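The values are calculated or read from the model by the stated rules, or taken from the named source; none is laboratory data. All figures in this text were calculated on a predicted structure; none of them were measured in a lab. Virtual Cβ from ideal backbone geometry, glycine too; neighbours counted across all protein chains shown. These area figures cover heavy atoms from the full protein model, side chains too; ligands, DNA and RNA do not enter into them. Shrake-Rupley method; radii C 1.70, N 1.55, O 1.52, S 1.80 Å.
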Amino acid sequence: MSTKNTAGPGRLNLELGDAATMNVGTTAGTVAAGDDERFSAASPWVFDVTTYGAVGDVRTATDGAISSGTAILTCASGPFTAASNPVGKSIIVKGAAANGVTSLVTTIISRQSNTQVTLGSNAATTASGALVIWGTDNTTNIQDAVDDAEAYLADGNTYAQVYTPPQPFLIAGPLNNTKSGNGQIVFGVYPTSANKPVLEFRGEGDGAAAVRHWQQTVPQMAGSCWVSAGVYASTSAQTTNINADGNPGVLSGPNEGFGYGASALFSNIMPVIRNMAILTTHSTFGLTYGAANLYGCANAHLENVGIGTLGTVASPSSDYTSPGVLGTGLSAGLLLPAPGNNDNVVAKNLSIGGGYTYACFVTEHAMIDRYMALYCWAGLVAVGTYASSVGSVHAMKILNASIEACTNELYIMGVGSNGIGPIVDIDQLSTESGTPNIAGSSAGAMAAARGIVRLTGLFTESGVSVSNPCGIKLINGQVPYPVRSVNADATVRVIDEVLLVDASGDNRVITLISAAATPNRYTIKKIDSSGNTVTIDAAGSETIDGATTKVLSSQWESVTLIPSGGNWYVVA
């Protein structure tokens, strides 16, 4: 107590070492102040976007109203306060653009009141109760952070991090192809002969992959979030740009437009996206940019990542009532490294909230644990070959995929190497669709595909379909063992294995699917004691042990059939 008012002896008696005896300050011999460069320079590999002037100020309103041919936007809730300084900010008005384009993207050029602003472009369509999203355009600021991170790597360092704090940052700039990519934010080419650096795009927390509640009237902008104000003006504009520069992404490495990801040519870099949400402008026709294009990168690692368009599910403004219309466009939410990559493609906890033609291009060597895709034309795209890439050789593995409200749960893109593949194994593909479907870019791609997919969820067994004969084995996860009882003429299903046929009412015909590409093995058993027969009929001109049919006449008589060379053979 005798020293409590005497600084030096008091600090000394605390027995906390030299630090306890130092004054706070920024000079040598003092305890570092919070803004001391000794703190800020402690991690020179971290490039915080806010250090470059980025502002995470995205705001939303759900009561936008604008008339066709005018630029006056009103929101009765009064969000355009003087304090928020909306003039000059980029803005997205969902529902005010041309049919299919959907979202009007422009700027706020003046403010009349808290409830009214004037935009830089006229609405093409009258909209009311519209979702409105606006904020500062941070394209240049974030790109500056990426450029400095790459300069740090160019100095011989092996790791750099572009850090985004847990706020929503708007990106409204044009697509940029100066680094052999096609993105609003781009990173460049790294020679294959040099050391492979790691460039990480990092946010905070696991919440970036949080799933939007179906009653939300606003997009899911959790944690560290980039919000893109980018959409094509038409399907022709989208096609022209993709043909010239490759698929667009809010974030893009070198891609197929410049030959990267093609013919096994890769930029020798491992991009990492961790704890980030990337949302893109909503377009009913699938004309939005993708969230990220990593197709031309040698490796990739994603963890706790959420992507999707700025659409919502909640009535009365549901944007996903007809996911099939998204097939009008060519948007790809996420492209993983092309076939031929360097065997390190990992995704952990990936949420795709919907709004894309193709939710995600999954490629060989990929290992994904939790995958969710909603409201897309294709919920998961397994790539055999795409954009002149080499054909896939190795498999891709997904532990759990939840795919709902998609036109095609699984889509096969191109044929793998030597006419085999892509090879995809999915331990659980859970869906609420009554008609889960596998489709592909061609009949050849479907036939070449290989693997096993276990279907679970609330699907209807009779609704499971493939658009063409497919080499992927579908397992019915709804039943302990796939036994189907029939008492009428029937065609075997792609998820059938055993058919118990009751012909007591009449002779029955069981028609096989094509043996050309199916991996299925069927056992068919006659269970009745009537004198009626069960005739098994091969599809088209195919045969069963050289004959067009196989007949079961006696009760408990059965046959097991396997496909080979485009025909069926009896093995038991």
query = at pLDDT 95 or above, hydrophobic (A, V, I, L, M, F, W, C) and either out of contact with any strand residue (DSSP E or B) (no Cβ under 8 Å at 6 or more places or on another chain) or surrounded by fewer than 21 Cβ atoms within 10 Å (Cβ to Cβ) (or both), is that true of residue 498?
reply = yes
task = Could you please give the count of residues in region 430-451 that are farther than 17 Å from residue 361 by Cβ and either in a loop (DSSP other than H, G, I, E, B) or under 21 Å from the mean Cα position of the chain (by Cα) (or both)?
result = 8
ask   = Does region 252-262 contain at least one residue that is crowded, with 24+ Cβ neighbours inside 10 Å and free of Cβ contacts under 8 Å to residues at least 60 places away in the same chain?
value = no
task = Please determine, by comparing only the residues of region 73-86 that are touching a strand residue (DSSP E or B) at 6+ places or on another chain (Cβ under 6 Å) and over 24 Å from residue 313 (Cα atoms), which one is surrounded by the most Cβ atoms within 10 Å (Cβ to Cβ).
result = 80
task = Consider residue 369 carefully, then state whether it is on the phi > 0 side of the Ramachandran plot and of a type in the set (Asp, Glu).
result = no
ask   = How about region 395-416: which of its residues are open to solvent by less than 40 Å² (accessible area, probe 1.4 Å) and either free of Cβ contacts under 8 Å to residues at least 60 places away in the same chain or assigned to a strand (DSSP E or B) (or both)?
value = 396, 398, 401, 402, 403, 408, 409, 410, 411, 412, 413, 414
Looking only at region 139-165, and only at residues there that are part of a loop (DSSP other than H, G, I, E, B) and touching a residue at least 60 places away in the same chain (Cβ under 8 Å), the one that is least open to solvent (accessible area, probe 1.4 Å) = 164
key: Single match in 74, 102 (criterion: touching a His at 6+ places or on another chain (Cβ under 9 Å) and touching a residue at least 40 places away in the same chain (Cβ under 8 Å))   = 102
inquiry  = Just to be sure before I move on: is residue 247 outside any loop (DSSP other than H, G, I, E, B) and among the polar types (S, T, N, Q) in the structure I sent?
reply    = no
ask   = Can you name the condition, by its number, that residue 488 falls short on among (1) surrounded by fewer than 18 Cβ atoms within 10 Å (Cβ to Cβ); (2) farther than 30 Å from residue 405 by Cβ; (3) among the aliphatic types (A, V, I, L, M); (4) touching a residue at least 24 places away in the same chain (Cβ under 8 Å)?
value = (4)
message = Tell me yes or no: at least one residue of region 519-526 is of a type in the set (Lys, Arg), closer than 26 Å to residue 453 by Cβ and surrounded by fewer than 17 Cβ atoms within 10 Å (Cβ to Cβ).
response = yes
query = Does residue 426 qualify as being in a strand (DSSP E or B), out of contact with any Ser or Thr (no Cβ under 8 Å at 6 or more places or on another chain) and closer than 23 Å to residue 368 by Cβ?
reply = yes
note = Residues of region 320-341 being in contact with a Ser or Thr (Cβ under 6 Å, 6 or more places away or on another chain), open to solvent by less than 10 Å² (accessible area, probe 1.4 Å) and either free of Cβ contacts under 8 Å to residues at least 24 places away in the same chain or among the small types (Gly, Ala, Ser) (or both), in sequence order, are 329, 331, 338
ask   = Restricting attention to region 87-113, which residues are of a type outside the set (S, T, N, Q), touching a Gly at 6+ places or on another chain (Cβ under 9 Å) and either buried (at least 18 other Cβ atoms within 10 Å of the Cβ) or assigned to a loop (DSSP other than H, G, I, E, B) (or both)?
value = 89, 91, 93, 94, 95, 96, 100, 104, 105, 108
ask   = Out of curiosity, is residue 118 open to solvent by less than 50 Å² (accessible area, probe 1.4 Å) and either assigned to a loop (DSSP other than H, G, I, E, B) or of a type in the set (Val, Ile, Thr) (or both)?
value = yes
key: Scope region 166-175; condition in contact with a strand residue (DSSP E or B) (Cβ under 6 Å, 6 or more places away or on another chain) and either closer than 18 Å to residue 261 by Cα or in a loop (DSSP other than H, G, I, E, B) (or both); matching residues   = 172, 173
key: Sole exception among (1) surrounded by fewer than 16 Cβ atoms within 10 Å (Cβ to Cβ); (2) among the polar types (S, T, N, Q); (3) at pLDDT 95 or above for residue 460, by number   = (3)
inquiry  = If residue 358 meets every condition in (1) on the phi < 0 side of the Ramachandran plot; (2) open to solvent by less than 10 Å² (accessible area, probe 1.4 Å); (3) of a type outside the set (Lys, Arg) apart from one, which number is that one?
reply    = (2)
inquiry  = Quick test for you: out of 378, 382, pick the one residue that is among the small types (Gly, Ala, Ser), open to solvent by less than 10 Å² (accessible area, probe 1.4 Å) and touching a Pro at 6+ places or on another chain (Cβ under 7 Å).
reply    = 382
query = Consider residue 240 against the criteria (1) buried (at least 24 other Cβ atoms within 10 Å of the Cβ); (2) more than 16 Å from the chain's Cα centre (by Cα): it satisfies all of them except one. Which criterion is unmet?
reply = (1)
ask   = Quick check, is residue 168 surrounded by 17 or more Cβ atoms within 10 Å (Cβ to Cβ) and within 25 Å of residue 340 (Cβ to Cβ)?
value = no
task = Just name the residue that is farthest from residue 313 (Cα to Cα) out of those in region 188-216 that are among the aromatic types (Phe, Trp, Tyr) and in a loop (DSSP other than H, G, I, E, B).
result = 190
message = Looking at region 186-198, can you tell me whether even one residue there is aromatic (Phe, Trp, Tyr), out of contact with any helix residue (DSSP H, G or I) (no Cβ under 6 Å at 6 or more places or on another chain) and open to solvent by less than 40 Å² (accessible area, probe 1.4 Å)?
response = yes
